[in-house]
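Participant: Here it is, the structure, as structure tokens.
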Amino acid sequence: MELPLLHLALVGTPNSGKTSLFNALTGSRQKVANYPGVTVERKEGFFVTPVGRQVSVVDLPGTYSLRGRSPDEEITRDFVLGKATGETVPDLVLCVADSTNLRLTIRLLLELKRTGRPMILVLNMFDIANRRGITVDVERLAKELGVPVVTSIAVRKGGTADLLALTDEISAKLAAGPQKNSWRALSVSELRATQREADRIIADCVSLPASPDTWTARIDAIVLHPVGGLIVLALILFVMFQAVFAWAQPLMELLNSGFDALGELVHNTLPAGLLQSFLQNGVISGVGSVIVFLPQIIIIFLFILLLEDFGYMARAAFLMDRIMGGAGLHGRAFIPLLSSFACAIPGIMATRVIDNKRDRLTTILIAPLMTCSARIPVYTLIISAFIPARDVWGFINLQGLVMFGLYATGIVSALAVSFLIKFFMLRDFAPAPFMLELPDYKMPRLKSIAIGVYTRAKMFLHRAGTTIFSMMVLIWFLASFPQPPAGATEPAIDFSLAAIIGKALEPLLAPVGFNWQIAVALIPGMAAREVAVAALGTVYAIEGGKEAAEQIGQVLATKWSLATALSMLAWYIFAPQCASTLAVIRRETGSWTWMGVTFTYMLVLAYAASFVTYNVAVALGAG
Amino acid sequence: MTDTTDTPSHMPLGLAQRGFTGVIQHLAANRAGSALSDVELESRLIELGFVEGARVEILHEGLVGRDPIAVRVDSITIAVRRREAMAIIVA
């Protein structure tokens, strides 16, 4: 007999190990999307129980209660209550608890019970609890709570066997029809009473060892030291950026030569003409120039996920809270801003952890000023073409120094903008509280990390395959049509639509030192910053033949003045050149206004910075 | 909770030094000057385990203004700013 699809929902406090249980149950059979109307990530996965029942499980956002004080928590509440639009009411709710830390979850469970949904309490990380000498009387706990209780070790193979068996057993006798829901928002005194009740049950069923986790205490003695902690944080960031730039290099070169070889192959197999030019210059070099960043994206997310899983990210927020507070930022803004160095999109989406509206908005507005990895190819190209690779003061590489300067300018401007926002626009908001659990350190779970990195890499490649691919086709089209008349002696691109648009924009951009070729490259660069490199390649390649495309840098060095190059660098620190980022801002703030504000302020800053840079450089003789 | 007069030994956790250990006597959200309403602040403190009778210890302090503080509350560690910790009356 075919069993109907069973709908499970995972509910738990932050840090309860919910996501690692989700990964253990479903493996890579996951679907990540958004809930309709809000940008809360909806993670659904699938698996089959021992008796062959198909199960869909949704990993709901972590919450301490059903009060719903942020969009994430509202989703969790509505989903459990069966009020979320377009969602199936869960047949069974799995309330996930960290076995080493039951207090807050038991209170949440007592609140969840009032919704009348069939429920199981999953005591996750049970092995760690045992190792620390915590013993739980599981039978008694189940009796006191009136809910079946099962232990699990999400990170171990077979560690979820009991949970699967119990799921089968319970789902076989699930009563049809709606259950009685007696949940309503708890008053302060009810909240206090449930916490007391939870504490009483824990006192009866759980015996805790006298001393807390000594490893966490030892690590925190260094990592949370007022001065030492900041040094450790700086070291971690240093290693992270070192990894992003140095470790990724060989892989990126490999990918680069791979795409070159592929382009060469196409060039040699196909007859010269439109199709050959389309495939080689439009498709392969265009998409290739973006996919080259995959190693960097993977490395930065690997670091972020490892630190998150280890329990360090909350500590970083603790250390940075007051320091960032000086610029009007919340400690929790640290993680989103750090992610923005990889890409502003995950960074802006990560601002969901900030529950105060003002703090969240400020963070969203400045996230695009963090130097994302898409700017790296533009910076690298221009720096290697124009800045000599010599040492200054004997030991610092000048190219590296300029790169560092670009990053630093981005960070300083972001802090300055945040300060101005705090001072002028949103000053009537009082500072939001900073209240955060500092979880015990845990060994990162490699499988969970691997699934996390894989999901992000897939999202990035998807973007490269859709948005960026279509932009490359468009730029190739603009640069190739209309074709030059027979017998024309000028380069073909001079006759194209791209040249017409570029030349129309040239007067606007001349004060900052940009020529029409740059204007052409900036148009597709609006879709994604890194596309500008490929676009410059296309523009100059079609103009100067195939050899030019292979050495864009050398071509630029002969065609641009140093002042133009520096102006271009200044432009790239600020310019709002990423349609996807703007779309995410529109979605996250729910308003076109804030998207417009971001676009305008960044464009104004970019123009001003380039104008100053260009004119100062010309005055100093670099024109 | 109402704002009862403190006996000499009662003090807000927000004024305590690193290494302080004590027991929560009551919550006085109106004392904190937090951006949150009194009810919201009290609810959140309870949800993070700050209830009467819980043992607290200040484990760590930040660099600037010795803020925020990392507080051990029975079996878990919570980071709060001193401003909000003013609502937690300990002895």
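The values are calculated or read from the model by the stated rules, or taken from the named source; none is laboratory data. All figures in this text were calculated on a predicted structure; none of them were measured in a lab. Every residue, glycine among them, receives a Cβ derived from its backbone with ideal geometry; neighbour counts consider all protein chains shown.
Participant: Would you mind telling me which numbered condition in (1) part of a loop (DSSP other than H, G, I, E, B); (2) modelled with pLDDT of 85 or more A:G328 fails?
Facilitator: So the condition that A:G328 fails would be (2).
Participant: Pick out, from the stretch A:134-206, the helices (runs of 4 or more DSSP H) lying fully within it that include 3 or more residues that are in contact (Cβ under 8 Å) with a residue 40 or more places away in the chain, under 26 Å from A:S65 (Cα atoms) and not hydrophobic (A, V, I, L, M, F, W, C).
Facilitator: Those helices (runs of 4 or more DSSP H) span A:188-205.
Participant: Let me ask you something else. Going through the stretch A:299-317 one residue at a time, which ones are touching a helix residue (DSSP H, G or I) at 6+ places or on another chain (Cβ under 7 Å), within 14 Å of another protein chain (Cβ to nearest Cβ) and in contact (Cβ under 8 Å) with a residue 60 or more places away in the chain?
Facilitator: Within the stretch A:299-317, A:R315, A:A316, A:A317 qualify.
Participant: For the stretch A:52-71, does any single residue satisfy the condition of being assigned to a helix (DSSP H, G or I) and crowded, with 17+ Cβ neighbours inside 10 Å?
Facilitator: At the first step, the residues of the stretch A:52-71 found to be assigned to a helix (DSSP H, G or I) are A:71.
Filter once more, so that each one left must be crowded, with 17+ Cβ neighbours inside 10 Å: A:71.
The answer is yes, given that some residue of the stretch A:52-71 is assigned to a helix (DSSP H, G or I) and crowded, with 17+ Cβ neighbours inside 10 Å.
Participant: From the set of residues in the stretch A:436-485 that are within 15 Å of the chain's Cα centre (by Cα) and aromatic (F, W, Y), which is surrounded by the fewest Cβ atoms within 10 Å (Cβ to Cβ)?
Facilitator: The selected residue is A:Y454.
Participant: Let me ask something additional. Here is a list of conditions, (1) over 14 Å from the mean Cα position of the chain (by Cα); (2) of a type in the set (A, V, I, L, M); (3) more than 14 Å from chain B (Cβ to nearest Cβ); (4) part of a helix (DSSP H, G or I), and A:M320 meets all of them except one; can you say which number that is?
Facilitator: (3)
Participant: Now for a separate question. Could you tell me whether any residue of the stretch B:2-11 is facing chain A (nearest Cβ under 8 Å), of a type outside the set (K, R) and within 28 Å of A:D220 (Cα to Cα)?
Facilitator: Step one: filter the stretch B:2-11 for residues facing chain A (nearest Cβ under 8 Å), giving none.
No, the conditions are met nowhere in the stretch B:2-11.
Participant: Within the stretch A:392-411, how many residues turn out to be modelled with pLDDT of 85 or more and either of a type outside the set (A, V, I, L, M, F, W, C) or farther than 17 Å from A:I573 by Cβ (or both)?
Facilitator: Looking only at that region, the number is 4.
Participant: Filter the stretch A:79-116 for residues that are part of a loop (DSSP other than H, G, I, E, B) and of a type in the set (S, T, Y); which is surrounded by the fewest Cβ atoms within 10 Å (Cβ to Cβ)? Steps first, please.
Facilitator: Step one: filter the stretch A:79-116 for residues part of a loop (DSSP other than H, G, I, E, B), giving A:82-91, A:99-102, A:114-116.
After this cut, where a residue has to be of a type in the set (S, T, Y) as well, the list is A:85, A:88, A:99-100, A:115.
Values: A:T85: 8, A:T88: 13, A:S99: 24, A:T100: 24, A:T115: 18.
Looking at residues that are part of a loop (DSSP other than H, G, I, E, B) and of a type in the set (S, T, Y), I get A:T85.
Participant: Let me ask something additional. Going by the structure shown, is A:G590 of a type outside the set (A, V, I, L, M, F, W, C), at positive phi and without any contact (Cβ under 8 Å) to a residue 12 or more places away in the chain? So that I can check it myself, show each step before the final result.
Facilitator: On the way: of a type outside the set (A, V, I, L, M, F, W, C): yes; at positive phi: yes; without any contact (Cβ under 8 Å) to a residue 12 or more places away in the chain: yes.
Spelling it out, A:G590 is indeed of a type outside the set (A, V, I, L, M, F, W, C), at positive phi and without any contact (Cβ under 8 Å) to a residue 12 or more places away in the chain.
Participant: Could you list all residues from the stretch A:210-245 that are of a type outside the set (A, V, I, L, M, F, W, C), more than 10 Å from chain B (Cβ to nearest Cβ) and in a loop (DSSP other than H, G, I, E, B)?
Facilitator: The one that is of a type outside the set (A, V, I, L, M, F, W, C), more than 10 Å from chain B (Cβ to nearest Cβ) and in a loop (DSSP other than H, G, I, E, B): A:S211.
Participant: Taking the criterion of being farther than 23 Å from A:R352 by Cβ, buried (at least 19 other Cβ atoms within 10 Å of the Cβ), in contact with an Asp or Glu (Cβ under 9 Å, 6 or more places away or on another chain) and basic (K, R), would at least one residue in the stretch A:117-125 satisfy it? Working first, answer last.
Facilitator: In the first step, residues of the stretch A:117-125 are kept if they are farther than 23 Å from A:R352 by Cβ; the result is A:117-125.
Now restrict to residues that are buried (at least 19 other Cβ atoms within 10 Å of the Cβ): A:117, A:119-125.
Filter again for in contact with an Asp or Glu (Cβ under 9 Å, 6 or more places away or on another chain), leaving A:117, A:123-125.
Pick out the ones that are also basic (K, R) and you get A:117.
Yes: the stretch A:117-125 contains one or more residues that are farther than 23 Å from A:R352 by Cβ, buried (at least 19 other Cβ atoms within 10 Å of the Cβ), in contact with an Asp or Glu (Cβ under 9 Å, 6 or more places away or on another chain) and basic (K, R).
Participant: On the given criteria, is A:A350 assigned to a helix (DSSP H, G or I), surrounded by fewer than 24 Cβ atoms within 10 Å (Cβ to Cβ) and either within 15 Å of the chain's Cα centre (by Cα) or among the polar types (S, T, N, Q) (or both)?
Facilitator: Judged against the criteria, A:A350 is a match.
Participant: Of A:A176, A:A185, which residue is within 30 Å of A:L6 (Cβ to Cβ), of a type in the set (G, A, S) and at pLDDT below 75? Please lay out each step first, then the result.
Facilitator: Working: A:A185 fails: at pLDDT below 75.
That would be A:A176, the only listed residue that is within 30 Å of A:L6 (Cβ to Cβ), of a type in the set (G, A, S) and at pLDDT below 75.
Participant: Are any residues in the stretch B:17-55 under 12 Å from the mean Cα position of the chain (by Cα), among the small types (G, A, S), more than 25 Å from A:T63 (Cβ to Cβ) and within 13 Å of another protein chain (Cβ to nearest Cβ), and if so, which ones?
Facilitator: Within the stretch B:17-55, just B:A28 meets the criteria.
Participant: Look through A:G116, A:G133, A:G82 and report the one residue that is more than 25 Å from A:I202 (Cα to Cα) and of a type outside the set (D, E, K, R).
Facilitator: Details: A:G116 fails: more than 25 Å from A:I202 (Cα to Cα); A:G133 fails: more than 25 Å from A:I202 (Cα to Cα).
Criteria check complete, one pass: A:G82.
Participant: Taking the conditions exactly as written (over 23 Å from the mean Cα position of the chain (by Cα) and more than 14 Å from chain B (Cβ to nearest Cβ)), does A:Q296 satisfy them or not? Walk me through it before giving the result.
Facilitator: Values: over 23 Å from the mean Cα position of the chain (by Cα): no; more than 14 Å from chain B (Cβ to nearest Cβ): yes.
Spelling it out, it is not the case that A:Q296 is over 23 Å from the mean Cα position of the chain (by Cα) and more than 14 Å from chain B (Cβ to nearest Cβ).
Participant: I'd like to verify a number: residues in the stretch B:60-75 that are in contact with a strand residue (DSSP E or B) (Cβ under 8 Å, 6 or more places away or on another chain), surrounded by fewer than 21 Cβ atoms within 10 Å (Cβ to Cβ) and at the interface with chain A (Cβ under 7 Å from one of its Cβ atoms), how many?
Facilitator: As a first pass, look at the stretch B:60-75 and keep what is in contact with a strand residue (DSSP E or B) (Cβ under 8 Å, 6 or more places away or on another chain): B:60-62, B:67-74.
Going one step further and asking which of them are surrounded by fewer than 21 Cβ atoms within 10 Å (Cβ to Cβ), we end up with B:61, B:67, B:72, B:74.
Next, from what is left, pick out any that are at the interface with chain A (Cβ under 7 Å from one of its Cβ atoms): B:61, B:67, B:74.
Residues that pass the stated criteria total 3.
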